[in-house]
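Chemist: Handing you this structure, nothing more for now.
None of the figures in this text is laboratory data; all of them are computed from the coordinates on show. Here the structure is a predicted model, which is why all the values come from computation and not from measurement. Using ideal geometry, Cβ is built from the backbone for each residue, glycine included, and neighbour counts are taken over all protein chains shown.
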Amino acid sequence: MARRDKLKLGTFVYTFGFHPASWLHPDSDVNGANDFAHLLNVAKQSEAAKFDFMFMADSPAAAVGDPAALARQPTKMNRFEPLSLLSALAVSTEKLGLVATVSTSYYEPYNVARIFASIDHLSGGRACWNVVTSDHNETGYNFNRDGLDPHALRYERGAEFVDVVFGLWDSFEADALKLDRETGIYYDKDKLHTLNHVGKHFQVRGPLNIARSPQGRPVIAQAGGSEPGMDLAARTSEIVFSLASNIDRNRAFYKNVKDRMPAYGRDPDDLKIMPGIVINVGETEAEAQAKVDFMIDKLHPDVGRLMLSEFLEADLAGVPLDQPFPMDRLPETPRGSRALFDELVDFVKSGRTVGELIRHYAEKHTGNGITGTPTQIADFMEEWFETRAADGFILMFPTLPSSLDDFVRLVLPELRRRGLFRDEYEGRTLRENLGLSMPVNRFTAARES
């Protein structure tokens with residue numbers, strides 16, 4: 001059955017772009033990591049294009065690895081703290097959703113609830129929390145840990161963390177504020193609720209000291225293909241970022257997650273599956289490929305080896321670029337998602353050399369990237385959308401702002417010609433534009449039942 005909704009699109013933001021050599025692109029702002037104007041420009045372009053949101057990927061730690069390679073790859077080494085950045089973007093944009101990554105492993109629920117509720121008010125209802133449990137050892141070194149906690153423990157803590165935050169966001173009912181100067185009553189005391197949560201990992205009294213947010217609560221995003229990750233997504237998430245390498249796998253992932261939702265009393269339409277895709281577009285195939293080749297020529301071998309090492313959780317120090325990938329260096333148990341790791345193993349089993357794998361990853365990620373003409377890219381996106389492998393896409397532009405410019409100029413008109421993407425925002429809040437329902441306050445529901 002043909003779909004009646006439209007594609008959802010978000011801009012994935014590393015400072016200079018997704019490509020590890022993006023800062024070397026002649027159209028990039030070499031000062032952009034510490035220049036708000038650069039990131040505001042990306043936000044303004046995304047908003048003018050009517051994208052749903054801008055997603056700030058983050059890790060609260062500098063990378064660890066080969067110092068010579070890290071000195072050539074600034075993505076993790078110099079960037080804004082994302083919640084501070086979102087606060088600035090909130091008052092500088094009007095309708096673009098604002099998404100930031102915050103780890104449940106290194107924050108407290110009350111902090112996260114209060115900060116995101118504040119950003120939701122500041123933005124008029126456009127905040128989104130990308131929930132992660134973290135998957136790199138270097139983060140733990142800064143938070144009183146010797147690396148990462150075990151995967152199962154991180155997800156157990158993460159699930160309780162999200163439940164506490166949801167409870168805090170329900171502290172004020174929607175109509176709790178009276179603002180009555182005649183009686184001197186600012187809020188209805190019977191519509192402000194103390195959570196009194198006592199669990200395995202957290203003890204949080206509450207209430208949250210900020211009124212219910214414009215969206216009822218900020219939108220929740222998540223990435224993760226493990227069993228605990230998919231179950232948490234089905235129970236709590238409204239956007240899921242996926243990295244499946246082909247349409248069949250993503251279609252199976254899409255169905256798996258959405259089929260779990262009714263058991264939690266949720267409508268599958270209240271979750272948008274959005275794979276991340278790397279896009280290189282040109283007016284001709286040759287022009288698109290030339291853009292790829294230009295950036296790969298800028299990629300220093302040390303940076304490429306470091307990039308692949310981090311991606312595959314394998315130490316590739318000293319491995320020649322013209323040799324096959326050393327399978328014995330892959331970890332038996334990955335720190336991150338098991339499902340994603342299994343895809344990565346398939347990715348390297350092809351027998352290609354390390355240098356060839358670096359090139360392939362830089363262009364196509366694990367395979368969910370496309371280089372081509374506007375028609376070819378629109379065909380790709382339409383097939384994934386219409387066959388329910390995706391509800392939309394996280395656009396991982398190789399360079400910013402130039403690749404974003406190319407997409408808006410070349411691909412968006414074709415998507416709109418096919419009726420696949422909006423001409424104007426449907427509403428004011430991110431929740432409205434994504435077509436998500438308004439969450440019910442638990443205390444209001446109990447009162448009315």
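Chemist: Around Pro262, with a cut-off of 15 angstrom between Cβ atoms, what is the net charge of the other residues, counting Lys and Arg +1 and Asp and Glu -1?
Modeler: Overall, the nearby charge balance is 0.
Chemist: In degrees from 0 to 90, rounded to the nearest 10, what is the angle of the helix 374-386 Cα long axis to the longest principal axis of the chain?
Modeler: The answer is roughly 50 degrees.
Chemist: By how many degrees, between 0 and 90 and to the nearest 10, does the Cα long axis of helix 36-48 differ from the longest principal axis of the chain?
Modeler: Long axis of 36-48 versus the principal axis of the chain: about 80 degrees.
Chemist: Follow-up question, since we're still on this one. If you look at just the Cα atoms of segment 8-448, how large are its Rg and its Dmax in Å?
Modeler: For segment 8-448, the Cα radius of gyration and maximum Cα-Cα distance read 21.9, 79 Å.
Chemist: Which whole-number percent is the relative contact order of segment 68-140 (Cα, under 8 Å, 6+ apart)?
Modeler: Over segment 68-140, the number comes to 34 percent.
Chemist: Remind me, relative contact order of the chain in percent, using alpha carbon pairs under 8 angstrom and six or more residues apart?
Modeler: Answer for the chain is 22 percent.
Chemist: Counting Lys and Arg as +1 and Asp and Glu as -1, what is the net charge of the other residues whose Cβ lies under 13 Å from the Cβ of Gln289?
Modeler: So the environment of Gln289 carries a net charge of -3.
Chemist: Remind me, relative contact order of segment 287-416 in percent, using alpha carbon pairs under 8 angstrom and six or more residues apart?
Modeler: Here the relative contact order equals 22 percent.
Chemist: Mind checking segment 250-306 for GluC sites (Glu not before Pro) that DSSP puts in a loop (not H, G, I, E or B) and that have at most 15 other Cβ atoms within 10 Å?
Modeler: Those that pass, being in a loop and sparsely packed, are Glu283.
Chemist: Rounded to the nearest 500 deg cm²/dmol, what is the calculated helix-only ellipticity per residue at 222 nm for the chain, with -39500 (n - 2.57) per DSSP H run of length n ≥ 4?
Modeler: For the chain, the value works out to -11500 deg cm²/dmol.
Chemist: Which entries of Lys44/Lys272; Lys298/Lys364; Lys8/Lys272; Lys50/Lys76; Lys6/Lys95 have Cα-Cα distances beyond 19 Å here?
Modeler: Too far apart for the 19 Å limit: Lys44/Lys272; Lys50/Lys76.
Chemist: Any chance you could run the full-extension gain for Leu40 through Leu153? It's 0.36 nm times the residue separation minus the Cα-Cα distance, nm to one decimal.
Modeler: Taking Leu40 through Leu153 to full extension adds about 36.9 nm, to one decimal.
Chemist: Can you tell me how segment 74-211 classifies by the Cα gyration tensor, rounded, prolate or oblate, using a/c under 1.5 as the rounded cut?
Modeler: oblate
Chemist: Follow-up question, since we're still on this one. Based on Cβ point charges of +1 for Lys and Arg and -1 for Asp and Glu, what charge dipole magnitude is obtained for segment 189-232 about its Cα centre, in debye rounded to the nearest 20?
Modeler: 340
Chemist: May I pose another question? Which of the listed residues, Phe311, Leu420, Phe397, is farthest toward the dipole's positive end in segment 8-448, when Lys, Arg count +1 and Asp, Glu count -1 at the beta-carbon?
Modeler: Leu420
Chemist: Could you give the angle, 0 to 90 degrees to the nearest 10, between helix 227-236's Cα long axis and the longest principal axis of the Cα atoms of the chain?
Modeler: Helix 227-236 sits roughly 40 degrees off the main axis of the chain.
Chemist: Taking the Cβ of Asp58 as the centre, find all other residues whose Cβ is under 11 Å away and add up their charges (Lys, Arg: +1; Asp, Glu: -1).
Modeler: +1
Chemist: Restricting attention to segment 67-176, which trypsin sites (Lys or Arg not before Pro) occupy a DSSP loop and are surrounded by at most 15 other Cβ atoms within 10 Å?
Modeler: Arg145
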